[in-house]
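The structure under discussion appears below in the form of structure tokens.
Since every read-out is calculated from the coordinates, none of them should be taken as a lab result. None of these values were measured; they are calculated from a predicted model. Note that we place each Cβ from the backbone using ideal geometry, even for glycine, and neighbour counts take in every protein chain shown.
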Amino acid sequence: MVIIRAARPSDAAGIRAVYAPFVAGSPSTFEEELPTPADFHTRMLATPRRPWLVAEADGQIAGYAYASAHRTRASYRWSVDTSVYLAAAHHRRGLGRRLYDELIAQVRALGYLNVYACITLPNAASVALHTSVGFRPIGVFAHAGYKLGAWHDVGWFGLPLVDEHPAHPAEPRPWLPADTPAD
């Protein structure tokens, strides 16, 4: 059985293990050095807090999804970037969709209005996942990153969380996961 829950600081090593193959052998992320568990811990606790979720299967981290700042300038504060990563054994089982459904619901509840995702192209599986939850392509940055001996395009996908953007939006709230101990 797989459960989706708020990530805890003690999950950092498991999150790192899921992420490691993407850093080492895939252009899916343009990170070239594997972050340490302490780096993940810092990312999870960045302020304002935004959701970090894990999928746990038999006591192991099977995947994770998170929201982060879209950009640093204040006027972007109603927008977040999202990512999802799954361990190879959990690909194509609907787990990415489950993580994204929960992540998007939490981001919406916090008052964010726009969700974005950046996908290294080509990546048919990631594009299919994102479009299945409502993201739509909004642009491509050609030859945006060089990794593993090749240039890669980056597709940007967007998902508005409201039908109409308000003239005076309420401030988004920080994420306060109720079931996350301070470990």
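How high is the relative contact order of the range 1-93, given as a whole-number percent (alpha carbon pairs under 8 Å, six or more residues apart)?
Numbers: 129 pairs, mean separation 26.8, N = 93.
Relative contact order here is 29 percent.
Pick from Ala67, Ala55, Ala17: which residue has the top mean-square fluctuation in a GNM of the chain where Cα pairs under 10 Å get a spring?
Ala17
Return the long-range amide H neighbours of Gly145 (sequence gap of 5 or more, or a different chain), with a cut-off of under 5 Å between placed amide H atoms.
His152
Specify the inter-centroid distance of the range 79-158 and the range 8-73, based on alpha-carbon positions, in whole Å.
Taking the Cα centre of each part, the range 79-158 and the range 8-73 sit 14 Å apart.
Each residue of the range 16-23 in order: what ³J(HN,Hα) in whole Hz does its phi give by Karplus 6.51 cos²θ - 1.76 cosθ + 1.60, θ = phi - 60°, with x for Gly and Pro?
With coefficients 6.51, -1.76 and 1.60, one gets 4, 5, 5, 6, 3, x, 6, 6 Hz.
Under 10 Å, Cα contacts only: if you run a Gaussian network model on the chain, which one of Arg49, Arg93, Arg173 comes out with the highest mean-square fluctuation?
With Cα springs under 10 Å in the chain, the top fluctuation among Arg49, Arg93, Arg173 is at Arg93.
Could you calculate the FRET efficiency of Ala69 with Val2 from 1/(1 + (r/R0)^6), where r is the beta carbon distance between them and R0 is 22 Å, rounded to 0.05?
Details: r = 28 Å, r/R0 = 1.29.
Efficiency computed from Cβ-Cβ geometry: 0.20.
At Tyr76 and Ala142, where each label point lies 7 Å from the Cα along Cα→Cβ, what is the point-to-point distance in nanometres?
2.4 nm
Would the range 67-142 count as rounded, prolate or oblate if I go by the C-alpha gyration tensor, calling it rounded below 1.5 in a/c and otherwise prolate when a/b exceeds b/c, oblate otherwise? Please report the intermediate quantities before stating the final value.
Details: a/c = 2.13, a/b = 1.36, b/c = 1.57.
Judged from the Cα gyration tensor, the range 67-142 comes out oblate (a/c at least 1.5, b/c at or above a/b).
Per DSSP H run of n ≥ 4, the term is -39500 (n - 2.57); total these for the chain, divide by its residue number, and report the mean residue ellipticity at 222 nm rounded to 500 deg cm²/dmol. All intermediate terms of the calculation are to be shown ahead of the outcome.
Details: 4 runs with 46 residues, N = 183.
Using -39500 (n - 2.57) per qualifying helix, the result is -7500 deg cm²/dmol.
Would you please give the FRET efficiency between Glu31 and Ala124, computed as 1/(1 + (r/R0)^6) with r the Cβ-Cβ distance and R0 = 25 Å, to the nearest 0.05?
Numbers: r = 22 Å, r/R0 = 0.87.
Once the sixth-power term is evaluated, E becomes 0.70.
Quickly work out the Ala57-to-Ala109 label distance, labels modelled 7 Å from Cα along the C-beta direction, and quote it in nm with one decimal.
Here the modelled spin labels are 2.5 nm apart.
So what is the relative contact order for the chain, in percent, with contacts set as C-alpha pairs under 8 Å and at least six apart? Walk me through the intermediate numbers first.
Numbers: 321 pairs, mean separation 42.0, N = 183.
The normalised contact order for the chain reaches 23 percent.
In the chain, what percentage of the DSSP-assigned beta bridges are antiparallel, given to the nearest 5? Each step should come with its number before you reach the end.
Details: 34 of 37 bridges.
Antiparallel: roughly 90 percent of the beta bridges in the chain.
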